[in-house]
Amino acid sequence: MIKCVIWDLDNTLFAGVYLETPDQRPPADPAAMKVLHELSERGILQAIASRNPAEAASYATELTGHSFASVQCGWGAKSAAVSAVLAELGLMPAEAAFIDDDAMERAEVSFRLPDVAVLDPRDLADVPSWPQFSPPVVTEEGRRRGELYLQRQARQQEAKTFGGSVQEFLRQAGTQVRIAPASQQDTARLAELSVRTHQFNSAGAEVSQGTFADLLEQVGQRVVTVRLSDKFGDDGLVGGCIITTKPATETATETATSSTWRVPLLMMSCRAIGRGVIDALLTWICLTARGEGSAAVIVPCVINDRNVPLRIALTGAGFRAGDPPPPGRDRSVDYVRPLTQPLTALPDWVVTG
Amino acid sequence: MSAEETAVELRRLLAELTSDDRALTAPQDTPLLRAGLGLDSLGGALLLKRVRAQFGVDVADEDLNLDCLATIGTLAAFVAIRRESR
């Protein structure tokens with residue numbers, strides 16, 4: 001799924017060349033504008049990679065009325081500008097499209113970044129109908145995505161100049177992580193997260209809105225939401241998990257103390273990286289499980305190279321991989337956290353309930 | 001490639017990823033993540049991708065607990081052993 005479109009400016013987003021007409025700046029290309037608007041409505045981010053001075057990007061913002069989540073203006077290789085956009089937004093090459101009228105530039109980006117979808121502006125009219133530009137669910141969080149990335153830039157800027165530890169920065173930025181049971185209103189966003197998250201997703205498979213809705217009604221199943229905000233802005237629902245507190249086969253006669261919590265899905269938006277969210281969620285799960293008499297928490301996790309960040313978080317929180325199944329595609333391993341080992345307390349900026 | 005050469009190459013890679021030459025000379029027991037060389041979880045993931053490309057060792061697949069991400073020395077040793085064993 002494409003999460004970001006990276007635009008060239010001259011003869012692509014602009015109908016003309018910015019520096020060639022200093023007295024009369026070029027108008028917007030009508031076909032490009034239409035696509036820019038349509039894709040923004042679907043929650044797809046917009047960015048700029050252009051051989052122009054930075055003021056050309058300010059002009060593009062003014063001209064289109066759209067905010068750009070990342071702007072790379074300069075005279076280096078286009079692939080370097082595209083890589084810089086990906087790094088700034090925390091995206092993988094396969095999650096970006098690059099649009100440029102210059103065939104040489106397209107070839108260079110294709111060669112260096114083969115996973116980026118490289119497009120000719122002449123194909124633009126078809127783009128909105130392509131499935132990789134059509135997220136199945138578009139939520140409020142999705143539509144506000146561009147704005148949220150601007151808040152992220154302000155946050156990163158301040159973090160760079162902040163002298164203290166990460167924990168101190170999160171505290172002084174007024175970070176609030178709110179962990180609460182999901183309601184029916186949350187199911188669309190949870191389904192969207194299950195599709196969009198990869199780096200922090202234990203299951204590696206989509207979960208539909210209907211499945212989440214069904215789980216809310218089932219005894220022994222819990223769906224948990226995590227919301228995040230700070231003084232820079234409100235990111236809304238950024239993560240969640242499904243917890244099975246009682247296995248389906250367990251009979252009423254078995255004692256509650258024998259129970260082990262399983263977490264068939266654990267996921268977090270990459271927008272929340274570095275803000276204490278995944279650690280808070282794992283700690284909360286363990287503390288709650290222990291409080292309700294569980295001896296251990298098990299997170300089955302698909303072993304792929306995309307979710308390495310989640311596995312780093314799991315082992316950092318005291319989880320250990322169980323017996324590995326034979327190698328193969330999409331194998332899953334149980335990461336186990338015995339609750340007899342000490343647990344850290346939740347930071348005071350985590351609110352529950 | 002000897003274990004020492006592997007370690008030197010790995011340190012070069014770390015210096016590049018962290019934009020910090022400290023990785024070239026830091027003690028073997030310097031942690032890679034967080035307060036050590038300062039890699040976060042995404043940085044750790046990127047490091048493992050580069051290690052696979054450069055040394056042909058798929059750490060993310062072979063070390064499920066990612067214990068070898070503990071320090072410069074543990075990762076260098078893991079990569080060197082896996083390279084030798086083939």
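Just so it is clear, none of the values below were taken in a lab; they were calculated from the coordinates. Since the model is a prediction, treat every value here as computed from it, not as a measurement. Note: ideal-geometry Cβ built from the backbone for every residue, glycine included; neighbour counts use all protein chains shown.
For the reader, a short list of remarks on this structure follows.
- Residues with amide H under 5 Å from that of A:A28, placed H, sequence gap 5 or more: A:A15
- Value of Rg to Rh for region A:79-213 (Rh from inverse mean 1/r over Cα pairs, i.e. Kirkwood): 1.02
- Per residue of peptide A:306-313, the mean number of Cβ atoms on other chains within 10 Å of the residue Cβ is 6.
- Put simply, the amide H of A:Y335, placed in the peptide plane, has neighbours under 5 Å in A:V299, A:C301, A:G322, leaving out anything fewer than 5 places away on its chain.
- Amide proton proximity set for A:L265, modelled H, under 5 Å, gap of 5+: A:I242
- Per-pair calculated FRET efficiency, R0 = 35 Å: A:Q176 and A:D323 via Cβ, rounded to 0.05: 0.35
- By the count of other C-beta atoms within 10 Å, a proxy for reagent exposure, A:Y18, A:Y59 are ordered fewest to most as A:Y59, A:Y18.
- Peptide A:194-201, shielding by other chains (average Cβ, 10 Å cutoff): 1
- When Rg and the Kirkwood Rh are both derived from Cα coordinates, the Rg/Rh ratio for the protein assembly as shown amounts to 0.99.
- The C-alpha atoms of chain B occupy a region whose extents along the principal axes are 33, 25, 21 Å, arranged from largest to smallest.
- Given +1 at the Cβ of Lys and Arg, -1 at the Cβ of Asp and Glu and no other charges, the dipole of the protein assembly as shown around its Cα centre is 980 debye to the nearest 20.
- Charge dipole (Cα centre; +1 on Lys/Arg Cβ, -1 on Asp/Glu Cβ; no other charges) of chain B amounts to roughly 140 debye.
- Annotation: lysines with alpha-carbon distance below 23 angstrom to A:K231 (same-chain offsets under eight excluded): A:K160.
- Here the contact order of chain A, divided by its residue count and restricted to Cα pairs under 8 Å and six or more residues apart, works out to 14 percent.
- Per-residue 3J(HN,Hα) values for region A:167-180, derived from phi via the Karplus relation 6.51 cos²θ - 1.76 cosθ + 1.60 with θ = phi - 60°, read 4, 5, 5, 4, 5, 6, 7, x, 4, 10, 9, 10, 9, 8 Hz in sequence order (x marks Gly and Pro).
- Chain B, relative contact order in percent, only Cα pairs under 8 angstrom and at least six apart counted: 34 percent
- DSSP beta bridges fully contained in chain A are about 60 percent antiparallel.
- Set of lysines with alpha-carbon distance to A:K34 below 23 Å, sequence-local pairs under 8 removed: A:K3
- When the alpha-carbon atoms of region A:155-197 are used, the pair Rg, Dmax equals 15.5, 42 angstrom.
- One decimal place: the segment A:Q153-A:E140 gains 2.7 nm when fully extended, by the rule 0.36 nm per residue minus the C-alpha distance.
- Using the Cβ-Cβ distance between B:M1 and A:L287 with R0 set to 41 Å, the FRET efficiency from 1/(1 + (r/R0)^6) comes to roughly 0.30.
- Once the Kirkwood radius over Cα pairs is known for region A:279-332, the Stokes-Einstein relation at 20 °C and 1.002 mPa s delivers a diffusion coefficient of 173 µm²/s.
- Distance between the modelled labels on A:M104 and B:L46, one decimal in nanometres: 2.9 nm (7 Å Cα→Cβ projection).
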